Amino acid sequence: MNYIIIGNSAAAIGAVEAIRKNDKENPIKIISEEEYTVYSRPLISYLLAGKVTTKRMYFRGEDFYEKNKVIKILGHKAIGINCDQRYVSLENKEMIKFDKLLISTGGKPIIPGIKGLKNERVFGFTTWSDVDKIAKISREVKEGVVIGGGMIGIKAAEALCEIGIKVTIVELADTVLSRALDKEASQIIQNQLKEAGVDIITGSEVSEVIGKGSEVVEGVILKDGRRIRCDFVVVAIGVFPNIDIVKGTKIKVKRGIIVDEHMETDIRGIYAAGDVAEAYDSIIGEERPIPIWPLAIRQGRVAGSNMSGLVTTYPGGFPMNAIEFSGIPTISLGITDPKEDGYEIIKKTDIQKGIYKKIIIKENRIVGAVFVGEIDRAGIITGLIKDKIDVRDFKKDLLAGDLGLISLPKEMRRKKLERGRGVTV
């Protein structure tokens, strides 16, 4: 039995650990275009800001690969899959046979059709390599433009501010973080960004990066003709599933690779997990990509278990985003800004303290939430969403500062306590 994993991030590590629980001997090979051993991508902004060391970046210890008998094929790009003859082809023309294959190629940065993006001082912000490139020029530059005001763009802006660079964010939507938060929560973060010295231009977009040759950036031109001076540009519009490896194969895709509850594609023995996969969203009841780290790990574990013979089902997940800027923590869960009828909204706002809480309920079950400034009860709300608990009898307590186990129905308290003691109920 030969296990091959394409990609070397969260889903891959989850799969390796699950395989090794069931199969201690058969070889596992990980193929990755990046030369780094597995690291925590959510930490790249903290690395640039100097808040974490390079040692802290690694998601597992130095002995992870050796301990799990993993053969690393790093710094090599996989460019094709032959589903019939069961091999993966590499850019160096090598062909590697597999019996079970996991595709965990993650997300690919969205690159807009903007003139001048091929300049050497235009960077992405999704990998350690991106951060290394920015760090190398950081002492030479004073002003930067971040294209995109989503999670990636905000974290990029935060890190750049930390190292003393003047930042302007250009965002197409009316507010930053428009996909993760509602307008009220987004406005709180936007105000905080401005207080920290970040210039924000919303409802606009960059049409051109201008400079001298391919090595010097002098600024950007917006669609309305305005010019913003800068020394470099970070493109942080977002990511979409990196399905390049399956193009031209029999593997079915929509936005991402289609998988079943076992994380298996329509081709037997070929699995997909993480940001590249369209897995089950337990709130909306449909399959779609949800590009977040914890779900990638979970999906990888389910895939690895099934690859190695232990039938395991993925229960589904839902979007969860967390960000902190200038000491204001923010968490969003599930549906945050429903546009249709049939939803009940509960809110609590304290503008002076920078606190905003919102619970979204449908048919007496929580389907989403937003917490800004005060997030200590977000874990309880997450559990209520995950377990699909009927909250009709304690809605009034959901935003209470003392919400806890005692607030929950008696039967639910009993089950949670018994689970905590390891009792199956």
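Some observations on this one:
- Ordering of 211-220, 5-14 by packing [mean C-beta count within 10 Å, highest first]: 5-14, 211-220
- Take the Cα of residue 286, step 7 Å toward its Cβ, do the same at residue 395, and the gap between the two points is 2.6 nm.
- Remark: segment 198-212, residue by residue, has Karplus-estimated 3J(HN,Hα) of 7, 7, 10, 10, 9, x, 8, 8, 7, 9, 7, 9, 10, x, 10 Hz, where x stands for each Gly or Pro and the curve is 6.51 cos²θ - 1.76 cosθ + 1.60 at θ = phi - 60°.
- Relative contact order %, the chain, counting alpha carbon pairs below 8 Å whose residues are six or more apart: 15
- Placing a label point 7 Å from the Cα of residue 355 along the Cα-to-Cβ direction, the residues of segment 365-383 whose backbone N falls under 14 Å from that point are 371-378.
- Simple spin-label estimate for residue 1 and residue 244 in nanometres, 7 Å along Cα-Cβ: 3.2
- Sequence-ordered 3J(HN,Hα) estimates for segment 53-59 from the Karplus curve with 6.51, -1.76 and 1.60 and θ = phi - 60° stand at 8, 4, 4, 5, 5, 6, 7 Hz, glycine and proline given as x.
- Amide H contacts under 5 Å for residue 29: 3, 4, 5, 71, restricted to partners 5 or more places along the chain or on a different chain, H placed in the peptide plane at 1.01 Å from N.
- Centre separation in Å (Cα based) which lies between segment 310-358 and segment 91-157: 27
- Residues residue 202 and residue 129, FRET efficiency given R0 of 41 Å [Cβ-Cβ distance, rounded to 0.05]: 0.90
- Labels on offer are (i) 56; (ii) 46; (iii) 75, and the one holding percent of Cα pairs over 31 Å apart computed from this structure is (ii).
- Amide H contacts of residue 240 (H built 1.01 Å from N, under 5 Å, at least 5 apart or other chain): 108, 110
- 11 Å beta-carbon shell around residue 121, net charge (K/R +1, D/E -1): -1
- Packing-based ranking, highest mean first, of 25-34, 136-145 given that Cβ atoms within 10 Å are counted: 25-34, 136-145
- Using just its DSSP H runs of length 4 or more, each adding -39500 (n - 2.57), the chain gives a mean residue ellipticity at 222 nm of -6500 deg cm²/dmol after division by all residues.
- Residue 231 sits among other residues whose Cβ lies under 15 Å from its own Cβ, and their net charge, with Lys and Arg +1 and Asp and Glu -1, is +3.
- FRET efficiency for the pair residue 324 and residue 214, taken as 1/(1 + (r/R0)^6) with r the Cβ-Cβ distance and R0 = 35 Å, rounds to 0.45.
- Label-to-label distance, nm, for residues given as residue 110 and residue 162 (7 Å Cα→Cβ offset): 2.5
- Estimated at 0.36 nm per residue, the fully extended path between residue 174 and residue 365 surpasses their Cα-Cα distance by 65.8 nm.
- Amide H contacts of residue 126: none lie under 5 Å away among residues 5 or more positions distant or on a separate chain (H built 1.01 Å from N in the peptide plane; Pro and chain starts excluded).
- As a rough guide to protection, the peptides 284-291, 295-302 ranked by mean Cβ packing within 10 Å, highest first, stand as 295-302, 284-291.
Each value in this text was obtained by applying a stated rule to the coordinates, not by laboratory testing. All of these numbers come straight from a predicted model, not from anything done at the bench. Positions of Cβ are backbone-derived with ideal geometry, glycine not excepted, and every protein chain shown enters the neighbour counts.
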